[in-house]
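> Here it is, the structure in full.
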Amino acid sequence: MKRGWIPTLLTLLLAGSVVQAGGEIYGTIHTSEGRTLTGPIRWDTNENFWDDHLDATKRERIEREEDGFQISIFGLKLGGGDSYISHSFSISFGHLKSIERLQHREARVTLKSGEQFDVRADSSDLGHGMRGLIIDDAKEGRVELNWSSFDKVEFKQSPGGKRDAERLYGTVDSDAGEFSGFIVWDRDESMLEDILDGEDERGRDHEVPFRDIAEIERLGSGASRVTLRSGDSMVLDGTNDVAHGHRGVGVTVSNLSVLDFNWRDVRKVSFSEAPASPRYEGFDGGRKLSGTVHTRDGATHRGEIIWDRDETYTWENLDGDVDDLDYSIPFSSVESVKPLDSRSSEVKLRNGKTLTMSGSNDVDSDNMGLVVTAKDGTVTELTWADLRLVEFD
């Protein structure tokens, strides 16, 4: 179950070339006043690329029984009063075909696979709290819209011919080690054109483009040393970009996982040239989770899997901590999960890495169990204590 803002994984240096076309979110926006705009899209100020995530809440309507007291969803008994059950919903934009605005906080999301979900805002990605929707239309130029000013966004691969906007990329030196990937700074800045704000020791305000910054070093919680590519440096404080209130550093690595650093755990960040971002055609829209579940009593169950009675698709995330870092790993990258004890699991990834994860009901005894549906329709419900090993297709 998702626990952080986006939502994490080990150092996997991204192979590729310099910035090329095709990595930016691109599509057509149908506005509420009847205009049609097509071009690169910037969603909520910090989602710009296909591997960025749309975060929301997925609501499932509960059909009450006549007595109104108890219903069953995937074998989970629920009682009295509630007409909806909610789950976290976090998906890379590359898996999406469209987003249709429904109400002031709700949207209908259609995946490439044809699956549809009605989702509800739980962050600034949807609803009136959305910080803006920006599109660079070929005829009208840059157009800024708010939540109420569009009806639907249809996504597609860009036609090419134009280089992508330049993305923040670098290496985070942290208490847990060094990690490299695409950077989202303070949950907000993700592009070289974005601005770092701060105040120097003489009280003068500075607005520094990230493209001019070589390194940012945290000096305690109250200030940072900013070293420019020119070699000059300055100590800045007074804003959440460089001091108190900083909301953390996100690092997206090549398998689309995001590593979420608390500001207090960051020593410094060194910026470097970004490789190419994933393209739209590289995302398949996801499929149902399936695999083989081995239980402690020696039985084997094969079929579609509902994990923790929540996650059912390959684009959903397995969440947990590794060395006090928040990890959010798409199930498409997970080869197997082996419970170790009541607090942790061994997670083997398809790239050969093995992680010991804890700190989340996805990987500990707070897990609500698995539901396995065989090809013949047989449904088997398993508790966390039943599991010995789960191998995903």
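The values are calculated or read from the model by the stated rules, or taken from the named source; none is laboratory data. Keep in mind the model is a prediction, meaning the values are calculated, not measured. Every residue, glycine as well, gets a Cβ built from its backbone with ideal geometry; the counts of neighbours run over all protein chains shown.
> Condition check: in a strand (DSSP E or B) and within 28 Å of residue 262 (Cβ to Cβ). Does residue 364 satisfy that? Steps first, answer last, please.
Details: in a strand (DSSP E or B): no; within 28 Å of residue 262 (Cβ to Cβ): yes.
When the stated conditions are applied, residue 364 does not pass them.
> Using beta carbons and a limit of 6 Å, which pairs, at least six apart or on different chains, have the first residue in region 143-168 and of a type in the set (Val, Ile, Thr) and the second one surrounded by fewer than 20 Cβ atoms within 10 Å (Cβ to Cβ) and part of a strand (DSSP E or B)?
From region 143-168, the pairs are 143/137.
> Here's another thing I want to ask about it. For the structure I just gave you, tell me whether residue 155 is surrounded by 19 or more Cβ atoms within 10 Å (Cβ to Cβ), more than 18 Å from residue 211 (Cβ to Cβ), in contact with a strand residue (DSSP E or B) (Cβ under 7 Å, 6 or more places away or on another chain) and not aliphatic (A, V, I, L, M). Let's see the steps before the verdict.
Numbers: surrounded by 19 or more Cβ atoms within 10 Å (Cβ to Cβ): yes; more than 18 Å from residue 211 (Cβ to Cβ): yes; in contact with a strand residue (DSSP E or B) (Cβ under 7 Å, 6 or more places away or on another chain): yes; not aliphatic (A, V, I, L, M): yes.
So residue 155 fits the description; yes.
> Can you pull out the strands (runs of 3 or more DSSP E) entirely within region 229-336 that have at least 1 residues that are surrounded by fewer than 17 Cβ atoms within 10 Å (Cβ to Cβ)?
Ranges flagged: 233-236, 266-271, 290-295, 300-306.
> Working carefully through the options 194, 125, 137, find the one that is outside the structural domain of residue 243 (by TED's automatic domain parsing), of a type in the set (Asp, Glu) and either within 20 Å of residue 271 (Cβ to Cβ) or surrounded by 19 or more Cβ atoms within 10 Å (Cβ to Cβ) (or both).
Of the residues listed, the single one that is outside the structural domain of residue 243 (by TED's automatic domain parsing), of a type in the set (Asp, Glu) and either within 20 Å of residue 271 (Cβ to Cβ) or surrounded by 19 or more Cβ atoms within 10 Å (Cβ to Cβ) (or both) is 125.
> Name the residue, out of 208, 249, 226, that is within 23 Å of residue 165 (Cβ to Cβ), in contact with a helix residue (DSSP H, G or I) (Cβ under 8 Å, 6 or more places away or on another chain) and of a type in the set (A, V, I, L, M).
When all the criteria are applied, what remains is 249.
> When region 72-108 is examined, which residues are found to be touching a Ser or Thr at 6+ places or on another chain (Cβ under 9 Å), farther than 17 Å from residue 288 by Cβ and at pLDDT 95 or above?
Correct list: 96, 97, 98, 99, 100, 101, 108.
> Between 372, 379, 347, which is β-branched (Val, Ile, Thr) and within 25 Å of the chain's Cα centre (by Cα)?
After ruling out the rest, the residue left standing is 347.
> I need a count of the residues in region 346-369 that are in contact with a Pro (Cβ under 9 Å, 6 or more places away or on another chain) and surrounded by 15 or more Cβ atoms within 10 Å (Cβ to Cβ).
Residues flagged as in contact with a Pro (Cβ under 9 Å, 6 or more places away or on another chain) and surrounded by 15 or more Cβ atoms within 10 Å (Cβ to Cβ) within region 346-369 amount to 4.
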